[in-house]
Amino acid sequence: MYPFFRSLLVGVSALLLSTGLAFASDVAVSNPKVRLMPGDIPSAGYFKLHNGTNETIKLVGARSDAFGMVHMHMSMKKDGMAHMKAVPEIDVAAGEDFEFAPSGYHLMLMKRSAPLKVGDDVVITLEFEGRDPMPVSFKVVSPAAM
Ligand SMILES: [Cu+2]
């Protein structure tokens, strides 16, 4: 079952990659990466979102068949300690970029349900208010790679 599921994921990724080129006047994602953590430790998703439309877009969450739970989080320091908090939605104004990057915003990828390894591609679907969901193929990388 696992090999089947893996080939399914890879197949879907290949399909998306071949059709996923965004138009200049649309919403685009660049450099999507998943920093894979071992065992039950949550992994983190990073990417840059570009709003090429002429109106504000609102990112309201993400989901993936490979993870039971996906949240948007923001990292911060408080009294010298690292904290993170859930972010329910993110507005990106027309023409603007918004970046999910280490030490800042990340997708918190919990309850992994597929066997992932470094070098794999995994589909995470970004969800917007009032727009179609956007499946994105993320490259799985090692924590040491970022
Ligand atoms: Cu987090």
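Being within 16 Å of the ligand (Cβ to nearest atom), within 19 Å of ILE41 (Cβ to Cβ) and without any contact (Cβ under 8 Å) to a residue 24 or more places away in the chain is a condition met by at least one residue of the range 84-94.
Give ASP97, ASP79 a once-over and let me know the one that is at pLDDT 95 or above and more than 16 Å from the ligand (Cβ to nearest atom).
On the way: ASP79 fails: at pLDDT 95 or above.
Selected residue: ASP97, the only one of ASP97, ASP79 that is at pLDDT 95 or above and more than 16 Å from the ligand (Cβ to nearest atom).
Filtering the range 87-146 to residues that are open to solvent by 40 Å² or more (accessible area, probe 1.4 Å) and among the polar types (S, T, N, Q) leaves SER103, SER113.
Can you find a residue that is within 16 Å of the ligand (Cβ to nearest atom), in contact with a Gly (Cβ under 8 Å, 6 or more places away or on another chain) and of a type in the set (D, E, K, R) anywhere in the range 110-120?
Going through the range 110-120, the residues within 16 Å of the ligand (Cβ to nearest atom) turn out to be 110-112.
Narrowing the set further to residues that are in contact with a Gly (Cβ under 8 Å, 6 or more places away or on another chain) leaves 110-112.
Checking which are of a type in the set (D, E, K, R) leaves us with 111-112.
Yes: the range 110-120 contains one or more residues that are within 16 Å of the ligand (Cβ to nearest atom), in contact with a Gly (Cβ under 8 Å, 6 or more places away or on another chain) and of a type in the set (D, E, K, R).
Residue check: is SER103 over 14 Å from the mean Cα position of the chain (by Cα), within 14 Å of the ligand (Cβ to nearest atom) and small (Gly, Ala, Ser)? So SER103 passes the test. All but one of (1) closer than 19 Å to ASP26 by Cβ; (2) surrounded by 15 or more Cβ atoms within 10 Å (Cβ to Cβ); (3) among the polar types (S, T, N, Q) hold for THR56, so report the exception by its number. Of the numbered conditions (1) closer than 19 Å to ASP26 by Cβ; (2) surrounded by 15 or more Cβ atoms within 10 Å (Cβ to Cβ); (3) among the polar types (S, T, N, Q), the odd one out for THR56 is (2).
The values are calculated or read from the model by the stated rules, or taken from the named source; none is laboratory data. Remember, it's a predicted structure, so these values are computed and weren't measured experimentally. Backbone-built Cβ (ideal geometry, glycine too); neighbour counts: all protein chains shown. The area values use the complete protein model at the heavy-atom level, side chains included, leaving out ligands, DNA and RNA. Shrake-Rupley method; radii C 1.70, N 1.55, O 1.52, S 1.80 Å.
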